Each structure stands twice: as structure tokens, then as C-alpha cells.
Amino acid sequence: MSMLPMTPFERIVKKTGIKRVSREALEEMRDCIEEIAMDMSEQAARISNHAGRKTVREEDMLFVAGKKK
């Protein structure tokens, strides 16, 4: 069972101009994004722990995402 609701994904897809999308396609998109978010969170937690912190900071997430502030 996913932690994320379907409605935001429907809005994202429709915002791109897609008129119709199957529920299965939305579920797959949601599952993929949830998996990516979990992986990023775990990596950011390891980074903050390595830095001696208990709090994950914005720069940790940006580092994991390969972006710079």
C-alpha cells in the first residue's frame, strides 16, 4: 500500500496536456516516485549522520539530488 494519494499525480499528468491516463499508469508513476523519495531520504539521512547531525538539511537533499544551492 502506497503512502501517497493518487490525486496529485492525476493533476501532474493532466497539467502536461494528457487528456486521459489509466489508473495503472498513475499507480506505476506514484510507486516509482515514492521509491525515489525513499532512496533519497535514506541517502540524506546517511549524509547527515556522517556529518554528526540528527537533522537532515536542505543541502543534504540537494546533494543527493545532484544539485547545488
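Leaving out ligands, DNA and RNA, what percent of the accessible area of the chain is carbon and sulfur, probe 1.4 Å?
On the way: 3260 of 5820 Å².
About 56 percent, which is the carbon plus sulfur part of the accessible surface.
Rounded to the nearest 20 debye, what is the charge dipole size of the stretch 1-42 about its Cα centre when +1 sits on each Lys and Arg Cβ and -1 on each Asp and Glu Cβ? List each step's numbers first, then the result.
Values: 7 positive and 9 negative charges, 114 e Å.
So the magnitude is around 540 debye.
Compute the relative contact order of the chain as a whole-number percentage, counting only Cα pairs closer than 8 Å that sit 6 or more residues apart in sequence.
Numbers: 35 pairs, mean separation 16.7, N = 69.
Relative contact order for the chain comes out at 24 percent.
What distance in nm separates the simple spin-label points at M38 and R23, each placed 7 Å from Cα in the Cβ direction?
Spacing of the two 7 Å Cα→Cβ label points: 2.2 nm.
Any idea of the accessible area per residue across the chain, 1.4 Å probe, to the nearest Å²? Don't skip to the answer; put the middle values down first.
Values: 5820 Å² over 69 residues.
It amounts to 84 Å² per residue over the chain.
Through the Karplus equation 6.51 cos²θ - 1.76 cosθ + 1.60, θ set to phi - 60°, convert the phi angles of the stretch 18-24 into ³J(HN,Hα) values in whole Hz; use x for Gly and Pro.
In residue order, the calculated couplings are 6, 7, 9, 8, 6, 4, 4 Hz.
The values are calculated or read from the model by the stated rules, or taken from the named source; none is laboratory data. Just so you know, these numbers come straight off a predicted model, no measurement behind them. Reconstructed Cβ throughout: ideal geometry from the backbone, glycine too, with neighbour counts over all protein chains shown. Keep in mind that these areas ignore ligands, DNA and RNA; they rest on the heavy atoms of the full protein, side chains included. Shrake-Rupley method; radii C 1.70, N 1.55, O 1.52, S 1.80 Å.
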